[in-house]
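**Student:** Before I ask anything, let me first share the structure, which is written out below as structure tokens.
The values are calculated or read from the model by the stated rules, or taken from the named source; none is laboratory data. No experiment lies behind these values; they were computed from the predicted model shown. So basically every Cβ, Gly included, is an ideal-geometry build from the backbone, and we count neighbours across all protein chains shown. Quick note on the areas: whole protein, heavy atoms, side chains included, nothing else; ligands and nucleic acids left out. Shrake-Rupley method; radii C 1.70, N 1.55, O 1.52, S 1.80 Å.
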Amino acid sequence: MSKRTIVSMPGDGIGKTVLPAAIRVLEQAGFDATYVHADIGWEFWCKEGNPLPDRTVELLREHHIGLFGAITSKPKKEADGELEPSLRGKGLVYYSPIVALRQIFDLDICIRPCKSFKGNPLNFIRRSAGGGFEEPMVDVAIFRQNTEGLYGGVEWTNPPDNVYEALKSHPKFKNFADTPRAELAVSTRIFTQRACNRIVSAAFEYAKKFGYKSVTICEKPNVIRETSGMMLETGIRIQKDYPGIELWNTNIDAQMMWLTKNPEDYGVIVAGNMFGDIVSDGFAGLVGGLGFACSANIGKDVAVFEPTHGSAPKYENLNPSIVNPIAMIMSACMMLDHIGETGISNKIEKAIADVIAEEKNFTYDMLKMPGGPKAIANGAATTDQMTDAIIAKL
């Protein structure tokens with residue numbers, strides 16, 4: 001078998017720190033691959049007017065698998081002001097390159113696992129019935145539809161004639177008939193049956209592969225009847241092919257309450273774009289937050305794996321670095337699972353669990369410290385120390 005080629009996209013800020021750390025762990029764990037660097041991020045917006053150069057898109061088209069670090073985004077005025085002078089005034093608009101990648105390659109399935117590690121001081125705890133405290137172990141995978149819904153971008157302020165006339169044809173629009181058109185802002189929530197089939201089928205396959213007992217459709221079909229209803233009906237139909245896996249149905253608002261009452265009860269959760277974004281952040285907060293929040297963006301031909309934290313530019317130039325590399329390393333584990341290297345993935349995840357359980361190496365976020373150079377003096381592990389500890393456990 002030929003050696004696998006992985007497109008490495010560090011991006012901005014701490015992405016340039018955590019992605020090399022993850023690659024170092026992959027290599028020490030025995031994953032044999034070639035990594036090709038790809039340009040992406042703020043630097044290329046400033047000097048080329050494009051944060052996602054065509055050459056990077058072509059590398060992903062050729063090699064199909066990418067590891068992505070982090071991206072810096074700034075408001076329009078700042079973005080325009082940082083362009084090379086020769087590029088200003090040409091109508092260039094900054095768009096997030098990770099969002100662009102999702103659109104270009106139809107990376108419609110977003111998976112965001114949220115898993116507790118024993119010994120993590122950031123784990124959720126609750127008061128027990130006996131008056132003490134208990135720490136439920138959370139092991140949830142959120143499947144977020146990545147390309148449609150409220151993030152699909154089909155929206156208007158002061159809608160044009162054809163759109164306005166179409167809106168007027170709906171009986172519920174009478175509630176807005178007295179609003180001047182210039183004062184109307186409309187965002188659509190579009191679901192397609194194709195995308196619902198893909199995300200729900202992928203969720204059940206994942207549950208089957210990794211031994212989860214339930215798949216929960218987390219939407220709001222009692223109010224958002226058409227789109228949420230389509231997702232729920234798709235779940236009911238597809239569940240018939242997976243008799244050993246239960247189908248649960250929760251409303252997003254109730255789910256946000258239940259996730260802090262009995263988070264250990266849930267397995268795989270499926271939701272549209274916005275609700276998936278919300279519920280995945282909620283569960284991530286129960287298992288350690290951004291330092292542990294990994295994700296996959298998967299299409300039919302291309303897949304990109306990334307931590308969900310930002311670029312944290314204020315920490316980019318700290319020497320030594322203090323940022324937590326675990327979210328990036330866990331994202332690399334998701335890549336391994338995707339390409340069939342589950343043995344190596346399991347080995348790395350066990351090494352992470354062993355380091356945390358040992359309680360000797362905690363990064364500043366795990367110790368609930370303010371970030372900055374003083375964190376190391378106060379006992380926080382550096383990025384390299386955490387990475388070294390994980391490698392030692394391998």
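**Student:** Just 141, 380, 254 to compare: in a GNM of the chain, with alpha carbon springs under 10 Å, which one fluctuates most?
**Tutor:** For the chain, modelled as a Gaussian network with Cα springs under 10 Å, the answer is 254.
**Student:** For volume of the Cα convex hull per residue in Å³, pick the label among (i) 152; (ii) 181; (iii) 134 that corresponds to the value derived from the coordinates.
**Tutor:** Recomputing volume of the Cα convex hull per residue in Å³ here gives the entry labelled (ii).
**Student:** Let me ask another. If you take the Cα atoms of region 140-253, find Rg, then find the Kirkwood Rh from the mean of 1/r over all pairs, what is Rg/Rh?
**Tutor:** My calculation puts Rg/Rh at 1.10.
**Student:** To continue, here is another question. Using only the Cα atoms of region 60-198, each taken as one equal point scatterer with no solvent, compute I(q) by the Debye sum, divide by I(0), and report log10 of the ratio at q = 0.13, 0.17, 0.18 Å⁻¹.
**Tutor:** Relative scattering, expressed as log10 I(q)/I(0), comes to -0.97, -1.12, -1.16.
**Student:** Something else about it: List the GluC sites (Glu not before Pro) within region 152-255 that DSSP assigns to loop and that have no more than 11 neighbouring Cβ atoms inside 10 Å.
**Tutor:** 226
**Student:** Can you give me the orientation-averaged projected area of the convex hull built on the Cα atoms of region 1-142, in nm²?
**Tutor:** 12.9 nm²
**Student:** Next up: Please list log₁₀ I(q)/I(0) at q = 0.18, 0.19 Å⁻¹ for region 210-298, using the Debye equation with identical point scatterers on the alpha-carbon positions.
**Tutor:** The calculated log intensity ratios at q = 0.18, 0.19 Å⁻¹ are -0.85, -0.94.
**Student:** Restricting to the chain, what percent of DSSP beta bridges are antiparallel, rounded to 5?
**Tutor:** Of the beta bridges lying entirely in the chain, close to 45 percent run antiparallel.
**Student:** Sticking with this structure for a sec: Need one value: the accessible area of residue 86 in square angstrom, 1.4 angstrom probe, rounded to the nearest 10.
**Tutor:** Taking all protein chains as shown, residue 86 has close to 80 Å².
**Student:** Please report, in cubic angstrom per residue, the volume enclosed by the convex hull of the alpha-carbon atoms of region 299-374.
**Tutor:** Convex hull of Cα atoms, per residue: 112 Å³.
**Student:** Another question, if that's okay. Modelling each spin label as a point 7 Å along the Cα-to-Cβ direction, I'd like the residue 192/residue 261 distance in nm, to one decimal.
**Tutor:** Result: 3.8 nm between the two label points.
**Student:** I've got another one for you. Placing +1 on the Cβ of each Lys and Arg and -1 on the Cβ of each Asp and Glu in the chain, which of 355, 339, 238 has its Cα farthest towards the positive end of the resulting dipole?
**Tutor:** 238
**Student:** Would you work out what percent of the accessible area of region 1-97, with all protein chains in place, is carbon or sulfur (probe 1.4 Å)?
**Tutor:** On region 1-97, the fraction of accessible area on carbon and sulfur atoms equals 50 percent.
**Student:** What are the trypsin sites (Lys or Arg not before Pro) within region 62-93 that DSSP puts in a loop, where the Cβ has at most 10 other Cβ atoms within 10 Å?
**Tutor:** Counting only loop positions with at most 10 other Cβ atoms within 10 Å, the trypsin sites (Lys or Arg not before Pro) in region 62-93 are 90.
**Student:** Run the quick spin-label model on residue 357 and residue 182: label points 7 Å from Cα toward the beta carbon, then report their separation in nm to one decimal.
**Tutor:** Inter-label distance under the simple model: 6.6 nm.
**Student:** Let me ask something else about it. Let me check against my output: what whole-number percent is the relative contact order of the chain, with C-alpha pairs under 8 Å and at least 6 apart?
**Tutor:** 22 percent
**Student:** Hey, what number do you get for the chain at 222 nm if only DSSP H runs of n ≥ 4 count, each worth -39500 (n - 2.57), divided across all residues, to the nearest 500?
**Tutor:** -11500 deg cm²/dmol
**Student:** If Lys and Arg each add +1 and Asp and Glu each add -1, what is the summed charge of the other residues whose beta carbon sits under 9 Å from the beta carbon of residue 252?
**Tutor:** Here the count lands on -1.
**Student:** Another question, if that's okay. Quantify, in whole percent, the carbon and sulfur part of the accessible surface of region 323-388 (1.4 Å probe; protein heavy atoms only).
**Tutor:** The value for region 323-388 is 48 percent carbon and sulfur by accessible area.
**Student:** So what's the net charge close to residue 157: Lys and Arg +1, Asp and Glu -1, counting the other residues with Cβ under 11 Å from its Cβ?
**Tutor:** -1
**Student:** Give the ranking of 17, 382 by solvent-accessible surface, highest area first, calculated with a 1.4 Å probe.
**Tutor:** 17, 382
**Student:** Please work out how many pairs of lysine residues in region 283-394 are eight or more positions apart (or on different chains) and have Cα atoms closer than 18 angstrom.
**Tutor:** Taking region 283-394 as the scope, the lysine pair count is 7.
**Student:** 7 Å from Cα along Cα→Cβ at both residue 319 and residue 62: what's the point-to-point distance in nm?
**Tutor:** Between residue 319 and residue 62, the label points sit 3.3 nm apart.
**Student:** I'd like the distance between the alpha-carbon centres of region 160-180 and region 198-215, rounded to an integer number of Å.
**Tutor:** 41 Å
**Student:** If you don't mind, there's one more thing I want to ask. Percent of accessible area on region 206-290 owned by carbon and sulfur, 1.4 Å probe?
**Tutor:** 56 percent
**Student:** Same structure, new question: If contacts are Cα pairs under 8 angstrom and at least 6 residues apart, what is the relative contact order of region 204-354 in percent?
**Tutor:** 18 percent
**Student:** Assuming 0.36 nm per residue, please report the length gained on full extension of the stretch residue 241 to residue 137 beyond their Cα-Cα distance.
**Tutor:** Contour length minus the Cα-Cα distance gives 34.5 nm.
**Student:** Would you compute the Debye intensity of region 127-192 from its alpha-carbon atoms alone, equal scatterers and no solvent, and pass along log10 I(q)/I(0) at q = 0.17, 0.18, 0.21 Å⁻¹ to two decimals?
**Tutor:** The calculated log intensity ratios at q = 0.17, 0.18, 0.21 Å⁻¹ are -0.72, -0.78, -0.96.
**Student:** What does the charge add up to near residue 38, with Lys and Arg as +1, Asp and Glu as -1, over the other residues with Cβ less than 10 Å from its Cβ?
**Tutor:** -1
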